[in-house]
């Protein structure tokens, strides 16, 4: 079901047709059928007239029928990352469950990341920046309606952005929007954003999953409590961290999207329970399939595996304001004490690549090469050296983890305990409950397990998680040079200089930051073969960029 598989099938269907012109004509017939311009009988008649065998023509037709979206059915998906503290407030979205529900089903943003990674307009029809990239004007699409029938206007967008700003804001998007000086409605269809400094990537930031547009209340606040948005589905039932049911929006403004009648979202923290539910027919789609057993799951009749690889990474954030992690030599000792190759082999079973303690991944433009930033390797002697530099001969620390932190985190912690022992480091792995993990452990405990889906631009990732004062600065890290470079690189239009700045920032984070990032992980999904999708599947997030509810359909 991956893009690679679909392309391979297409090549196989035309393998028996040697004439290139004939192949081209068959593909045009296929396109006409998929677009509804040609009937099934018309396709078969045309293909046979071109000399294509009945078997080959039937195979191409079968593929074309599968690729033609159909409306109907209830898609049941097992998700992770939900909790009883989940909120419909877009600024409080924490993990997969509410990202998929709020961002992927209920609401739209100003901009959107397309499956191929390009930035495209969503509620914004177009946008324009001043030459210094400090003033941005977004022109809204006309006629888009909320689920309650209200037409979207600039006041809804302006107030939705203001919801994340201000000294009292607790929004997780506060860090990436910190450069905003003002947001103003210019007529009914235009929103103008003034920044304190230039930001060449600002339009990308508008695709962040916290920035879904909600109806304005008329007093500067927004109605987020009802779940009303402009998305392909409206809210029917919502039991936080347990189950959410959404129903197809019959007036959805995106043509050819949102095909299911209903989407049932169920929180299932245990990987085995997700797999069993798929095998017994309880679910149609599961996320975060267990890398250790996914090869067996893929052999089950009627089940397919979908793998996508982007910038998702596992992270073990250390609070740099709390002993012993306030000493960088202790942090470096731990970074040298983890056996990354072993984790890749045993935890991910090869479904990923090595991390180098920087969140900028292989899909980012300014990702540091191995020549620019050599890969850190397992070295217990170097770990010992850094402990000694910290004035320690041994170290005992607690590592807090749960499967929702990242799949396999408990096993990974035990592997870490074993690899760190030769360096004189004793790691106690503390198993935490999945429910409430993101509220009670992450950002609370001084060392824990976590993951990030990655971000499409370097500034996006650094601003949200590593800048001083950011709500989600999970390592409590402050670094003057890093923050200076963050502002400079954000406004830099010379790509060579910008690369130099971002590579230096990656080195600083890797060598002095509180994030231990051992791996970049692929997204591994499993689904029934009745679930269909286009050949381009987004890798910026799991579940087709969390847009599976609007991009997928049943055969």
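Coordinate-derived values only; no laboratory data. This structure is a prediction, so every number in the text was calculated from the model and none was measured.
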Tilt, helix 3-13 to longest principal axis of the chain (alpha-carbon atoms), in degrees rounded to tens, equals 30
Normalised Cα Rg of region 313-521, dividing by 2.2 N^0.38 Å with N its residue count, works out at 0.97
Length-normalised contact order of the chain, Cα under 8 Å, at least 6 apart, in percent, tallies to 21
Binned at 5 Å starting from 0, the alpha-carbon pair-distance distribution of region 478-551 in whole percents comes out as 3, 12, 16, 13, 10, 13, 13, 10, 7, 3, 0
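Determine the calculated [θ] at 222 nm for the chain from helices alone, applying -39500 (n - 2.57) to every DSSP H run no shorter than 4 residues and normalising by the residue count; nearest 500 deg cm²/dmol. Numbers along the way, then the final one.
Numbers: 18 runs with 166 residues, N = 555.
Value at 222 nm, helices only, nearest 500: -8500 deg cm²/dmol.
Step by step: find N for region 294-379, compute 2.2 N^0.38 Å, then divide the Cα radius of gyration by it. What's the final number?
Values: Rg = 16.5 Å, N = 86, 2.2 N^0.38 = 12.0 Å.
Here the answer is 1.38, to two decimals.
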Taking Cα atoms, the helix 54-67 axis meets the longest principal axis of the chain at an angle in degrees (rounded to 10) of 50
Nearest 10, in degrees from 0 to 90: the angle of helix 40-49 to the longest Cα principal axis of the chain is 80
Of the convex hull enclosing the alpha-carbon atoms of region 358-443, the direction-averaged projected area in nm² is 7.6
Unit-weight point scatterers at every alpha-carbon of region 218-259, Debye formula, q = 0.31, 0.33 1/Å: log10 I(q)/I(0) is -1.06, -1.13
So, relative contact order of region 313-521 in percent, Cα under 8 Å, 6 or more apart, is 38
quick shape note, region 399-555: Cα extents on principal axes in Å, largest first -> 54, 47, 29
